[in-house]
Structure formats: structure tokens, C-alpha cells
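This report refers to the structure that appears directly beneath it.
The values are calculated or read from the model by the stated rules, or taken from the named source; none is laboratory data. These numbers were taken from a predicted model, which means no experiment stands behind them. Neighbour counts are summed over all protein chains in view; Cβ atoms, including those assigned to glycine, are modelled from backbone coordinates with ideal geometry. Areas reflect the complete protein model, heavy atoms only, side chains present, ligands, DNA and RNA absent. Shrake-Rupley method; radii C 1.70, N 1.55, O 1.52, S 1.80 Å.
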Amino acid sequence: MIGHERLLLENKAWAMEKLQDDPGFFERMKDTQEPEYLWIGCSDSRVPANEVTGTQPGEIFVHRNIANMVVHTDLNMLSVLQYAVQVLKVKHVIVCGHYGCGGVKAAMTQTSLGIINKWLRNIKDVYRFHQEEIETFNSDEKKVNRLIELNVKEQVMNLAKTSIVQKAWKDHQRPYLHGWVYGLDNGILHPIFEMAPGSQLERIYTFDNL
Ligand code: CO
């Protein structure tokens, strides 16, 4: 069997099993979704949002990119965020990084990797903000893992700097913002940072006419 055909076969088995466990499952799914969570995670194949959180189809709206970044010029991420917050009315937005992230590791080198340089530049900026702290760690692995935690925190703050989140905080007192880091070696999600609706930001990032 050719590799990808296995996926189609497994899909048939999955759909059949789902139906056996819960005959109304697909009937409920087909017309609407009401997820309470938006997940902004790394594209890494080892961190599947539903699987690591034990959630079902319909429960998490998902956006993934290299190193779970919230970049204000990223039309894709902004469109997902706006739809999730304004239309789906999610209660929580989770930025989830993971220890050993290849994107963060690459950003800590001085190797040119082509077009991805521009994406990794955003992580290099996070390194520069926190260089002093990161360099206190005595191994490359510890430095990378601390940057991974700090990067998640910065991306949560980048969410709070959007007019989308600030307007929803003002009008609807949601969403809560969470920064988590997943351990590839033990499967555990570690909460690193969170911001409740209405949290104070540095004045320069706060819009006063929303
Ligand atoms: Co990664």
C-alpha cells in the first residue's frame, strides 16, 4: 500500500468507529461549530492540539505556524484571530509552544536558511529583548528552552496588543489569553503565562478609541 493510502483507509475506520460510539456525531457536526478555544500552536507534527488536550472535533479552532508566532503583519493569523474572537466568540486563546522547538533552535543560530529567515527574525527579536537572562543558562539546550518559554509569553502579549483582543476585552470581558509549553518528552502542557481580560499593557500599546 502506498503511504498516503493508509491515511484514507484509517479515515474510513475512524469514521465508522465514531459513528458506532456516537450515532449522532456527524449529524451534530455538519451545520455548526461552537469551539470555546482558539489554539495557536507550532506546526510541529508532534504537538497535535486535539490529541494532547483530549478534545474532540468541534472543541478547538486551530491555527499553527512555525514556532507559534503572533506576527501583526500575518494576514492568515489575524484572520483566524478575528473570526475566532468576533464570530465564534471563543472564551480562551492558547498560544502553545513546545520544548525542543526546531524553529526556535534555528533562530538561535547564525545560519541563513532562505525565506524562513524573515519568519525567524521575529524570534531573534525575542532573544534580543531577553538576551541577558537567556545567556545566564549554562547549556545550549537550557538557553533554547528558556527562549521557547519567553517566546510564548511575548506572543501572548502580541495578542493583547491587537485591536481585536482589546475591543473584545472592553465589550465582552473575553477572551482569556494563555501561554503554554508542551513537553515532547513527557506529553505534559506547562502553563507559563496568562492575561485576563482587561489586563494592563504598556501604555504605548493600548488603544483608547475602541
Ligand atoms: Co516547533
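Remark: Leu75 matches the filter, which requires a residue to be at pLDDT 95 or above, more than 15 Å from the ligand (Cβ to nearest atom) and surrounded by fewer than 16 Cβ atoms within 10 Å (Cβ to Cβ). Taking region 95-165 and the helices (runs of 4 or more DSSP H) fully enclosed by it, no element has 3 or more residues that are outside the structural domain of Phe61 (by TED's automatic domain parsing), at pLDDT below 95 and of a type in the set (Val, Ile, Thr). Where helices (runs of 4 or more DSSP H) fall entirely within region 1-68, those with at least 2 residues that are touching a residue at least 40 places away in the same chain (Cβ under 8 Å) and closer than 30 Å to Glu154 by Cα are at 49-53.
Across region 162-171, the qualifying residues are those that are more than 11 Å from Ser199 (Cβ to Cβ) and in contact with a helix residue (DSSP H, G or I) (Cβ under 9 Å, 6 or more places away or on another chain), and the one among them that is most open to solvent (accessible area, probe 1.4 Å) is Lys167. When Val90, Val70 are screened for being within 20 Å of Glu149 (Cα to Cα), surrounded by 15 or more Cβ atoms within 10 Å (Cβ to Cβ) and in contact with a Leu (Cβ under 6 Å, 6 or more places away or on another chain), only Val70 passes.
So which of Leu120, Leu177, Leu159, Leu81 is farther than 29 Å from Gln33 by Cβ, crowded, with 16+ Cβ neighbours inside 10 Å and among the aliphatic types (A, V, I, L, M)?
Numbers: Leu177 fails: farther than 29 Å from Gln33 by Cβ; Leu159 fails: farther than 29 Å from Gln33 by Cβ; Leu81 fails: farther than 29 Å from Gln33 by Cβ.
Every option except Leu120 fails the conditions.
Residues in region 151-210 that are polar (S, T, N, Q) and under 13 Å from the mean Cα position of the chain (by Cα): Asn151, Gln155, Asn158.
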